[in-house]
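The values are calculated or read from the model by the stated rules, or taken from the named source; none is laboratory data. In this text, all values refer to a predicted model and were calculated from it rather than measured experimentally. Note: ideal-geometry Cβ built from the backbone for every residue, glycine included; neighbour counts use all protein chains shown. Keep in mind that these areas ignore ligands, DNA and RNA; they rest on the heavy atoms of the full protein, side chains included. Shrake-Rupley method; radii C 1.70, N 1.55, O 1.52, S 1.80 Å.
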Amino acid sequence: MQLNNEQSAAAHYQGDAKHLLILAGAGTGKTRTIIGRVLYLVKQGTPTNRLLMLTFTRRAAKEMLMRLEKDLGPATKTITAGTFHHFCLQIMRRIPKAFGVEDRVVIDRDDSKSLVQLIRGEVVEKKHRKEFPKAAILLNYLSYAKNCCLPLSEYLINFTELDEEFCALTETIGKRYELRKAERKYLDYDDILHLFVKGIEANPELAKKIGGLYQHILVDEMQDTNPLQWRILQALSSANLFCVGDDAQSIYAFRGADFKNIHSFSERLPDSNVFKLEQNFRSTQEILDISNWLLKKSSIDYNKQLSAARGSGLAPALIDFESKFDEASWIASDLSERKDNDAKWSDHMVLVRSAWAAKTLEGALIDSGIPYRFVGGTSLLEAAHVKDLLSLCRAALNRTDELAWIRYLKCWPRIGDATASKIVSALLEADSDETIEGLLRQKIGKREEIIDGILAIQSQRNNPSEAIKLGVEMMEQTFMTRYDRWESRAGDLRLLSDLARRYKDLLGFVEAYTMDPVSNSEAESIEEDDLVTVITVHSAKGAEAPVCYCLGVQPGAYPHIRSLGDRDAEEEERRVLYVAFTRAQDELIITRCGDESRTLFHGGSYVHSAGESYFLEFLPPELVSHEQYGYGLALGGGSVLDELLDFE
């Protein structure tokens with residue numbers, strides 16, 4: 001296997017240090033280095049059955065074994081490789097009594113969720129059930145608290161926005177959940193690590209015995225390990241540890257990942273050595289320059305300086321817009337222009353902070369007929385409340401739209417599948433000269449609110465934006481009882497109304513957004529994978545693309561306004577932006593807009609209304625090509641408006 005000097009020094013190390021940490025910067029070939037280390041150890045005489053490889057996904061373990069098989073052949077089958085959970089469960093099943101799991105049955109996440117749902121129904125009063133977190137979210141809280149080794153009460157205070165009453169209810173649910181699992185002899189996903197740690201920490205001889213099974217333990221994505229996983233590695237450190245990761249890409253604290261596991265590695269394991277991989281194979285030097293600068297601005301010493309094996313390229317572009325609509329429209333236009341110049345859609349990735357941050361962009365992509373896929377959350381058109389509202393519009397426009405009618409009718413209390421089906425059957429079987437209003441009055445005469453919604457939409461069929469607003473007014477009460485976090489969801493519907501302004505009639509808007517979505521019709525004429533990827537930064541680890549747009553890199557977003565004042569949280573925010581920048585191979589385009597209430601747009605620079613920190617506030621101008629778009633003008637370098645600079 002071909003390794004560069006940095007990779008070779010780490011993979012072929014044979015010095016006195018027992019444990020090795022490989023700080024592998026973005027795009028520096030960490031997987032190649034792990035595989036190189038395994039091949040070297042085997043060549044030096046280490047039996048393959050004395051090697052343990054721990055990864056975060058089964059897919060990652062499988063890919064590494066497939067690559068090793070090319071060089072090691074059948075001997076690869078004797079290497080133990082898999083996730084932390086897989087490894088721990090294998091051990092516990094061989095000596096169940098040592099871990100107290102001899103009669104416990106493993107349940108999957110769906111089973112866990114069903115159990116939490118049952119307990120939630122017992123604990124939460126009916127008046128709170130709509131706004132109280134659903135079972136899946138509660139299960140995440142219980143899981144992350146356990147993996148962070150924190151009392152549930154402490155986790156809820158620090159990592160959620162629940163009020164005091166809801167925190168107390170969640171704690172009660174957590175206690176009952178643990179009790180119910182014990183009564184029914186259940187073992188959930190998080191119990192596997194928790195009980196494994198409990199067993200080996202209570203019995204040092206057992207820990208030494210398990211650690212002694214392996215001469216070398218190799219760990220991938222070390223920056224994503226949580227406190228429980230660190231305790232496992234520490235307990236098994238009679239073996240030699242070879243841990244690969246990047247402290248600058250530790251961005252999952254909310255899931256339990258502990259930044260200190262990698263950043264404080266040498267302090268925790270004194271008999272260790274640290275290697276750095278800084279030669280990047282993904283990006284050009286200009287992209288790495290702004291990424292390196294971002295880390296150097298930190299009060300934390302990340303102590304890394306990425307250099308590009310590929311050499312120089314284009315300077316990153318920093319583009320300012322007056323509004324998020326201008327920003328989204330420009331990105332859509334730029335993508336279309338590149339496609340016209342024979343670029344593939346799949347060469348482009350748009351990195352967003354959250355699913356909500358992507359929704360204006362999604363509207364622009366749909367308007368422009370650009371095929372895309374969304375990764376990392378629920379996209380605008382997949383959101384249930386948006387589908388509900390659009391079903392009202394579709395039903396008002398087309399009495400034969402069976403699916404829309406059933407969905408709309410079922411939004412209302414006391415209307416289930418059977419009632420909805422009867423009403424729809426009547427609509428489909430009626431004569432064409434009978435009005436929808438007349439038919440509905442025959443079937444549901446006492447439910448005026450249902451009929452009023454249809455009539456309101458029909459009255460504004462030539463004013464789509466107003467039709468959407470009226471639809472929201474008509475359904476707001478039922479939506480508020482049907483969905484939690486209504487204020488956030490209401491924002492989606494306001495956005496839908498804004499998008500509708502671009503259309504002359506409601507039918508045109510509905511067709512564009514539901515009946516003929518780009519992802520279905522237009523994608524048929526292109527290769528299946530030739531799509532623009534819109535992705536949240538937290539879903540983008542390991543992803544890359546020739547052209548990357550980082551959307552919304554403005555004050556209040558980087559760092560997020562909720563993190564201000566918390567040093568650890570702010571630093572994780574810096575790492576989130578670093579991950580976003582380092583996805584780009586050839587071009588990095590950073591966009592930001594000035595229409596957030598917390599920012600002021602002034603002469604191409606941003607002044608935070610409260611004066612808080614902003615990562616790009618003191619960005620050296622030589623690191624980027626800076627342009628401004630506003631009032632319909634593109635104020636880039638060489639603009640004729642530059643002639644005004646000499647005016648006195």
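Here are the numbers:
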quantity: Residues of region 267-277 satisfying the condition of being open to solvent by 40 Å² or more (accessible area, probe 1.4 Å) and either within 19 Å of Val624 (Cβ to Cβ) or assigned to a loop (DSSP other than H, G, I, E, B) (or both); calculated: Pro270, Asp271
quantity: Leu241 vs. criteria open to solvent by less than 20 Å² (accessible area, probe 1.4 Å), more than 29 Å from the chain's Cα centre (by Cα) and modelled with pLDDT of 95 or more; calculated: yes
quantity: Any pair with Cβ under 7 angstrom, 6 or more apart, that starts in region 88-117 at a residue that is free of Cβ contacts under 8 Å to residues at least 40 places away in the same chain and ends at one that is acidic (Asp, Glu); calculated: Pro96/Glu102
quantity: Failed item in (1) open to solvent by 50 Å² or more (accessible area, probe 1.4 Å); (2) of a type in the set (A, V, I, L, M); (3) touching a strand residue (DSSP E or B) at 6+ places or on another chain (Cβ under 6 Å), with Leu118 passing the rest; calculated: (3)
quantity: Residue list for region 69-89, filter: closer than 22 Å to Asp224 by Cβ and either of a type in the set (Phe, Trp, Tyr) or part of a helix (DSSP H, G or I) (or both); calculated: Phe84, His85, His86, Phe87, Cys88, Leu89
quantity: Selected residue (criterion: modelled with the highest pLDDT) from residues of region 504-516 that are touching a helix residue (DSSP H, G or I) at 6+ places or on another chain (Cβ under 7 Å) and open to solvent by less than 50 Å² (accessible area, probe 1.4 Å); calculated: Leu506
quantity: Residues satisfying the stated conditions in region 253-266, i.e. among the aromatic types (Phe, Trp, Tyr), closer than 21 Å to Leu156 by Cα and either open to solvent by less than 20 Å² (accessible area, probe 1.4 Å) or assigned to a helix (DSSP H, G or I) (or both); calculated: Phe254
quantity: Where a residue in region 396-408 is open to solvent by 40 Å² or more (accessible area, probe 1.4 Å) and its partner, wherever it lies, is hydroxyl-bearing (Ser, Thr, Tyr), with Cβ under 6 Å and at least six apart; calculated: Arg407/Ser391
quantity: 1 or more residues closer than 30 Å to Glu434 by Cβ and touching a Leu at 6+ places or on another chain (Cβ under 7 Å): qualifying helices (runs of 4 or more DSSP H) within region 295-408; calculated: 384-397
quantity: Answer from Ala332, Ala343, Ala395, Ala328 - the residue that is touching a Phe, Trp or Tyr at 6+ places or on another chain (Cβ under 8 Å) and of a type in the set (A, V, I, L, M); calculated: Ala395
quantity: All positions within region 6-46 that are without any contact (Cβ under 8 Å) to a residue 40 or more places away in the chain and either closer than 14 Å to Ile217 by Cα or part of a helix (DSSP H, G or I) (or both); calculated: Ser8, Ala11, Arg32, Ile35, Gly36, Leu39, Tyr40, Val42, Lys43
quantity: Total residues in region 50-64, condition farther than 19 Å from Ala239 by Cβ and free of Cβ contacts under 8 Å to residues at least 60 places away in the same chain; calculated: 5
quantity: Hey, Cys148 open to solvent by less than 30 Å² (accessible area, probe 1.4 Å), more than 30 Å from Thr481 (Cα to Cα) and not charged (D, E, K, R) or not; calculated: yes
quantity: Met92 being within 26 Å of the chain's Cα centre (by Cα) and part of a helix (DSSP H, G or I); calculated: no
quantity: Unique residue being closer than 24 Å to Gln477 by Cα, under 39 Å from the mean Cα position of the chain (by Cα), buried (at least 16 other Cβ atoms within 10 Å of the Cβ) and in contact (Cβ under 8 Å) with a residue 12 or more places away in the chain when the list is Ile423, Ile457, Ile436; calculated: Ile457
quantity: Candidates Leu20, Leu39 - the one that is under 28 Å from Ala308 (Cα atoms) and out of contact with any strand residue (DSSP E or B) (no Cβ under 9 Å at 6 or more places or on another chain); calculated: Leu39
quantity: Options Ser333, Ser291: the member that is surrounded by fewer than 18 Cβ atoms within 10 Å (Cβ to Cβ), among the hydroxyl-bearing types (Ser, Thr, Tyr) and either out of contact with any helix residue (DSSP H, G or I) (no Cβ under 7 Å at 6 or more places or on another chain) or under 24 Å from Glu544 (Cα atoms) (or both); calculated: Ser333
quantity: Any hit, region 295-309, residues being crowded, with 22+ Cβ neighbours inside 10 Å and touching a Gly at 6+ places or on another chain (Cβ under 6 Å); calculated: yes
quantity: Identity of the residue in region 119-137, free of Cβ contacts under 8 Å to residues at least 40 places away in the same chain and touching a Lys or Arg at 6+ places or on another chain (Cβ under 9 Å), that ends up farthest from Leu187 (Cα to Cα); calculated: Arg129
quantity: Restricting region 173-228 to residues that are of a type in the set (S, T, N, Q) and within 30 Å of Ser153 (Cβ to Cβ), the residue that is most open to solvent (accessible area, probe 1.4 Å); calculated: Asn203
quantity: Residue satisfying condition, being more than 24 Å from the chain's Cα centre (by Cα), of a type outside the set (A, V, I, L, M, F, W, C) and not in a helix (DSSP H, G or I), within set Glu131, Glu122, Glu165, Glu102; calculated: Glu102
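Residue-by-condition table, conditions (1) buried (at least 20 other Cβ atoms within 10 Å of the Cβ); (2) at pLDDT 50 or above; (3) within 29 Å of the chain's Cα centre (by Cα); (4) part of a helix (DSSP H, G or I):
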residue: Tyr549; (1), (2), (3), (4): yes, yes, yes, no
residue: Arg574; (1), (2), (3), (4): yes, yes, yes, yes
residue: Val579; (1), (2), (3), (4): yes, yes, yes, yes
residue: Gln585; (1), (2), (3), (4): yes, yes, yes, no
residue: Leu588; (1), (2), (3), (4): yes, yes, yes, no
residue: Ser597; (1), (2), (3), (4): no, no, yes, no
residue: Ser613; (1), (2), (3), (4): no, yes, yes, no
residue: Leu616; (1), (2), (3), (4): yes, yes, yes, no
residue: Ala634; (1), (2), (3), (4): no, no, no, no
